[in-house]
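Have a look at the structure below before the remarks.
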Amino acid sequence: MLAVGLCVDQRYLLPSLVTLVSLAEATPGNDRAAIAVRVITTDLSRADVTALAAAVRWLGFASFEARRETPAAHWRVVEGGYISAATYLRFHFDQRFLDRPYLVYLDSDTLVLGDITAPLNGLAEPRIGLVRDLFNHTVGQGPALPGAAERWPPFRGRPYFNAGVMWCHTRLLARLRSDAAAIMSRAGRHIHFNDQDALNLAVLHRDNAQPLGAEFNTFETDRYRETGDWIVSVIRLRPPPTSPALLHFVGSDKPWLPSCPPTPAVRLYRRYLARAAALLRATPSLSARGA
């Protein structure tokens, strides 16, 4: 019934598999066997795709497909040296490629710990399920969507959403891509957080965001405590859930980097990382025996 979609370049090949390993472990076998995995990439080689496909089959998902796309040249990365243009590939998913009625999009720096399909049960067809951003939570406050609240005053004070996880009916995707293309062409001056700002402008204009609980996109915040105290006031106002269904490692301190502070959540991530690395190393034999 649903497809899980990821946007992957070569830097994120192993992290994307970590996300899928965690999804497999959090999803009962019968449910997992109904989930299709779809990947859009800018630069994965044929060998990379073959290895990822073999690993996905071994994990017990229903099917795997990958497609190469190139984001438009003017869809530039504004903020985040650790972010590549592959982040815009979320707008290239379409109903035919997904071949399922629902899409659950996942960033490749996420760890699935619970049932992330639950939001689909109450998702109205015209709406896109999103979780409010912990750090930049309100339009007109902070660096997100620069100048948008002045240009469109009714948007000021509206919720601003994180784009790391997204739920929607696949019939909406053609319109979402069209909206994003128009925004990047005509309102690019309001873009700071790249595709996330484009997505937020799209749902603001359509008024079709369906807010979901923070447990479905919980920021890992302990890493930030290692570098300063600013996070303390943020957590005091909006404390993250203690039992997340999905843990999101936002920012440049990614848990697979040796320099990342080894918080409890990072240590948990690295256990999944070891499993994913072992699985990726085994994929030639998996492919040979048709797993």
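The residues of segment 147-157 that are touching a His at 6+ places or on another chain (Cβ under 9 Å) and either open to solvent by 100 Å² or more (accessible area, probe 1.4 Å) or within 21 Å of residue 234 (Cα to Cα) (or both) amount to a single one, 151. Which of the residues that make up segment 72-83 are open to solvent by 30 Å² or more (accessible area, probe 1.4 Å), closer than 15 Å to residue 163 by Cβ and out of contact with any Pro (no Cβ under 8 Å at 6 or more places or on another chain)? Within segment 72-83, 77, 78, 83 meet the criteria.
Quick grid of which residues meet (1) out of contact with any helix residue (DSSP H, G or I) (no Cβ under 8 Å at 6 or more places or on another chain); (2) farther than 15 Å from residue 177 by Cβ; (3) at pLDDT 95 or above:
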position: 73; (1), (2), (3): yes, yes, no
position: 94; (1), (2), (3): no, no, yes
position: 100; (1), (2), (3): no, yes, yes
position: 112; (1), (2), (3): no, yes, yes
position: 125; (1), (2), (3): no, yes, no
position: 131; (1), (2), (3): no, yes, yes
position: 139; (1), (2), (3): no, yes, yes
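For the residues 6, 89, the requirement of being crowded, with 24+ Cβ neighbours inside 10 Å and either at pLDDT below 95 or aromatic (Phe, Trp, Tyr) (or both) singles out 89.
Restricting attention to segment 58-91 and to residues that are not in a loop (DSSP other than H, G, I, E, B) and not hydrophobic (A, V, I, L, M, F, W, C), the residue that is farthest from residue 40 (Cα to Cα) turns out to be 63.
Of all residues in segment 244-278, those satisfying the criterion of being in contact with a strand residue (DSSP E or B) (Cβ under 9 Å, 6 or more places away or on another chain) and assigned to a helix (DSSP H, G or I) are 265, 268, 269, 272. Counting only residues that are open to solvent by less than 60 Å² (accessible area, probe 1.4 Å), out of contact with any strand residue (DSSP E or B) (no Cβ under 8 Å at 6 or more places or on another chain) and farther than 24 Å from residue 83 by Cα, segment 41-68 holds 4 of them.
State the number of residues belonging to segment 184-195 that are assigned to a helix (DSSP H, G or I), buried (at least 16 other Cβ atoms within 10 Å of the Cβ) and modelled with pLDDT under 95. Can you show your working first?
Taking segment 184-195 first, the residues assigned to a helix (DSSP H, G or I) are 184-186, 188-190, 194-195.
Remaining after also requiring buried (at least 16 other Cβ atoms within 10 Å of the Cβ): 184, 190, 194-195.
Within this subset, residues satisfying the condition of being modelled with pLDDT under 95 are 184, 194-195.
Residues meeting the conditions: 3.
The values are calculated or read from the model by the stated rules, or taken from the named source; none is laboratory data. In this text, all values refer to a predicted model and were calculated from it rather than measured experimentally. Heads up, the Cβs are rebuilt from the backbone with ideal geometry, glycines too, and the neighbour counts pull from every protein chain shown. The accessibility values were calculated without ligands, DNA or RNA, using every heavy atom of the protein model including side chains. Shrake-Rupley method; radii C 1.70, N 1.55, O 1.52, S 1.80 Å.
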